[in-house]
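Chemist: Below: one structure in structure tokens.
The values are calculated or read from the model by the stated rules, or taken from the named source; none is laboratory data. From a predicted model like this one, the values you see are computed outputs, not experimental measurements. Glycine also receives a Cβ, built like all others from the backbone with ideal geometry; neighbour counts cover every protein chain displayed. Accessible surface is based on the protein model in full, side chains and every heavy atom, while ligands, DNA and RNA are left aside. Shrake-Rupley method; radii C 1.70, N 1.55, O 1.52, S 1.80 Å.
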Amino acid sequence: MKFFNREKEIREILSILEFEPNFIYFIYGPINSGKTALINEVINKLNEKYVVFSFDLREIFISQYEDFIEVFFEEYEEDKNPIELVKSLVKDSSVLFGIPTPKNTLETLLSKKKPKNVFKYITNILLELRKEGKQPIIILDELQKIGDLKINGFLIYELFNYFISLTKHKHLCHVFCLSSDSLFIEKVYSEAMLKGRADYILVDDFDKETALKFMDFLAENILNKKLSNEEKELIYSYVGGKPVLIINVINKLKTKNLDEVLNYLLNVEISDIMNLLVKAKNNKEKVVNALKLFKDRYEIDAYSIEEDIKELLVKRNILFLDPIKRILRPQSFLTWRAIKILLESKQFFN
């Protein structure tokens with residue numbers, strides 16, 4: 001499907017890439033707001049000057065050092081010099097999923113179990129690419145997955161100090177980190193001492209005008225028909241500007257009526273919140289009291305909820321924390337509607 005909107009964010013990232021690397025950039029936002037789709041669209045617009053090393057952590061189980069190494073490297077059987085291997089692959093594609101590494105070289109890196117050896121190896125690759133007139137870009141998606149991994153201290157500390165070296169100090173490589181876990185972004189900021197060394201790009205849900213246009217676009221391409229204004233307003237009242245939910249609704253309209261689709265999605269959301277309450281056990285009352293704050297408001301001050309309850313609701317994707325504006329809000333209009341329905345239910349308080 002054709003990429004839709006995000007012209008502002010695309011222009012911002014392309015503008016960043018025109019200058020020498022100087023900051024680590026966090027691309028953050030609510031779940032399913034289109035962060036990965038955005039960065040992929042930017043990659044598609046780049047010319048041959050750029051070489052992108054893309055690391056997607058969402059499908060990788062990381063519990064030890066060897067797992068961390070596998071995130072960064074793509075093993076090759078060729079008995080080539082590592083630099084020559086990378087250069088040969090770059091000729092065919094400007095996007096690489098991992099640092100191409102001969103098998104024997106990777107075995108050596110694994111055996112030493114020291115991040116500094118890994119970082120030195122990567123730096124040498126990046127320097128050689130710069131000599132070839134290329135501009136390297138590192139993209140890490142779902143970065144928060146390495147947050148709890150320790151190697152002689154927190155790995156996250158080592159990693160981000162390395163990224164500071166690549167950007168702020170050497171101006172060698174652009175670094176973009178994608179995450180929907182804004183609590184993790186806060187943690188990184190404080191633990192890796194990133195003040196003055198990092199910047200943020202918010203990829204939020206669509207505003208109403210864009211959401212309605214997106215519905216028109218999808219209805220034409222998927223349903224081959226137009227939606228009435230009443231239908232679009234109803235969809236927006238349930239799912240707001242969440243792109244993935246709008247897509248879900250339109251896809252389901254191929255076989256179901258609108259009321260049926262919206263009620264199904266709402267019931268799923270209600271079940272998720274009820275399951276959270278069951279698991280919250282001793283904290284159930286605190287969770288309910290926190291959710292009561294959203295009865296008549298979509299956004300509240302981030303300090304309005306106790307830290308442990310805030311962390312629980314954000315990590316369970318009930319609430320979204322914007323670490324820049326310091327506000328909390330439901331992850332979507334659908335979540336907000338489910339919260340308000342449950343607040344009116346006696347079952348919610350039992």
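Chemist: Kindly evaluate VAL244 against the criterion of being β-branched (Val, Ile, Thr), surrounded by 14 or more Cβ atoms within 10 Å (Cβ to Cβ) and touching a Gly at 6+ places or on another chain (Cβ under 9 Å).
Modeler: Working: β-branched (Val, Ile, Thr): yes; surrounded by 14 or more Cβ atoms within 10 Å (Cβ to Cβ): yes; touching a Gly at 6+ places or on another chain (Cβ under 9 Å): yes.
Yes, satisfied.
Chemist: Moving on to the next point. Go over the candidates LEU178, LEU218, LEU166 one by one and state the one that is within 30 Å of LYS254 (Cα to Cα), open to solvent by less than 10 Å² (accessible area, probe 1.4 Å), at pLDDT 90 or above and not charged (D, E, K, R).
Modeler: So the residue among LEU178, LEU218, LEU166 that is within 30 Å of LYS254 (Cα to Cα), open to solvent by less than 10 Å² (accessible area, probe 1.4 Å), at pLDDT 90 or above and not charged (D, E, K, R) is LEU218.
Chemist: Now for a separate question. For the structure I just gave you, tell me whether ARG297 is open to solvent by 10 Å² or more (accessible area, probe 1.4 Å), under 19 Å from GLY29 (Cα atoms) and not in a helix (DSSP H, G or I). Give the derivation first.
Modeler: Numbers: open to solvent by 10 Å² or more (accessible area, probe 1.4 Å): yes; under 19 Å from GLY29 (Cα atoms): no; not in a helix (DSSP H, G or I): yes.
Taking the combined requirement at face value, the residue does not satisfy it.
Chemist: Out of the residues in the stretch 3-37 that are charged (D, E, K, R) and free of Cβ contacts under 8 Å to residues at least 40 places away in the same chain, which is farthest from LYS315 (Cα to Cα)?
Modeler: Filtering first and then ranking leaves GLU18.
Chemist: Are any residues in the stretch 299-330 at pLDDT 95 or above and touching a Phe, Trp or Tyr at 6+ places or on another chain (Cβ under 6 Å), and if so, which ones?
Modeler: Listed by number, the residues that qualify are ARG329, PRO330.
Chemist: A follow-up question, please. Does LYS225 meet the test of being open to solvent by 10 Å² or more (accessible area, probe 1.4 Å), within 22 Å of LEU321 (Cα to Cα) and assigned to a loop (DSSP other than H, G, I, E, B)?
Modeler: Values: open to solvent by 10 Å² or more (accessible area, probe 1.4 Å): yes; within 22 Å of LEU321 (Cα to Cα): no; assigned to a loop (DSSP other than H, G, I, E, B): yes.
Criteria not met by LYS225.
Chemist: Run down ASN221, ASN263, ASN229 and say which single residue is in contact (Cβ under 8 Å) with a residue 60 or more places away in the chain and over 26 Å from the mean Cα position of the chain (by Cα).
Modeler: The conditions single out ASN221.
Chemist: Looking at the stretch 182-212 only, could you name the residues that are of a type in the set (D, E, K, R) and free of Cβ contacts under 8 Å to residues at least 40 places away in the same chain? Walk me through how you get there before you give the answer.
Modeler: Of all residues in the stretch 182-212, those of a type in the set (D, E, K, R) come to 186-187, 191, 195, 197, 199, 204-205, 207-209.
Residues satisfying the conditions are GLU191, LYS195, ASP207, LYS208, GLU209.
Chemist: Let me confirm something: among VAL249, VAL261, VAL239, VAL268, which residue is open to solvent by 10 Å² or more (accessible area, probe 1.4 Å), modelled with pLDDT of 95 or more and among the β-branched types (Val, Ile, Thr)?
Modeler: VAL268
Chemist: Show me the strands (runs of 3 or more DSSP E) found entirely inside the stretch 1-110 where at least 3 residues are open to solvent by less than 80 Å² (accessible area, probe 1.4 Å) and at pLDDT 75 or above.
Modeler: In the stretch 1-110, 24-28, 50-56, 99-102 are the strands (runs of 3 or more DSSP E) which contain 3 or more residues that are open to solvent by less than 80 Å² (accessible area, probe 1.4 Å) and at pLDDT 75 or above.
Chemist: Does ASN282 count as open to solvent by 80 Å² or more (accessible area, probe 1.4 Å), on the phi > 0 side of the Ramachandran plot and without any contact (Cβ under 8 Å) to a residue 12 or more places away in the chain? Give the steps one after another, and end with the answer.
Modeler: On the way: open to solvent by 80 Å² or more (accessible area, probe 1.4 Å): yes; on the phi > 0 side of the Ramachandran plot: no; without any contact (Cβ under 8 Å) to a residue 12 or more places away in the chain: yes.
No: the conditions fail for ASN282.
Chemist: What do you reckon, is ILE201 surrounded by 15 or more Cβ atoms within 10 Å (Cβ to Cβ), under 23 Å from the mean Cα position of the chain (by Cα) and not in a helix (DSSP H, G or I)?
Modeler: Answer is yes for this residue.
Chemist: May I pose another question? How about the stretch 300-339: which of its residues are over 20 Å from the mean Cα position of the chain (by Cα), of a type in the set (D, E, K, R) and part of a strand (DSSP E or B)?
Modeler: If the condition is that a residue be over 20 Å from the mean Cα position of the chain (by Cα), of a type in the set (D, E, K, R) and part of a strand (DSSP E or B), then ASP301 is the only one that fits.
Chemist: So HIS171 passes all but one of these: (1) touching a helix residue (DSSP H, G or I) at 6+ places or on another chain (Cβ under 8 Å); (2) in a loop (DSSP other than H, G, I, E, B). Which condition number does it fail?
Modeler: HIS171 satisfies all of (1) touching a helix residue (DSSP H, G or I) at 6+ places or on another chain (Cβ under 8 Å); (2) in a loop (DSSP other than H, G, I, E, B) except (1).
Chemist: Can you name the condition, by its number, that MET274 falls short on among (1) touching a residue at least 60 places away in the same chain (Cβ under 8 Å); (2) surrounded by 16 or more Cβ atoms within 10 Å (Cβ to Cβ)?
Modeler: Every condition holds for MET274 apart from (2).
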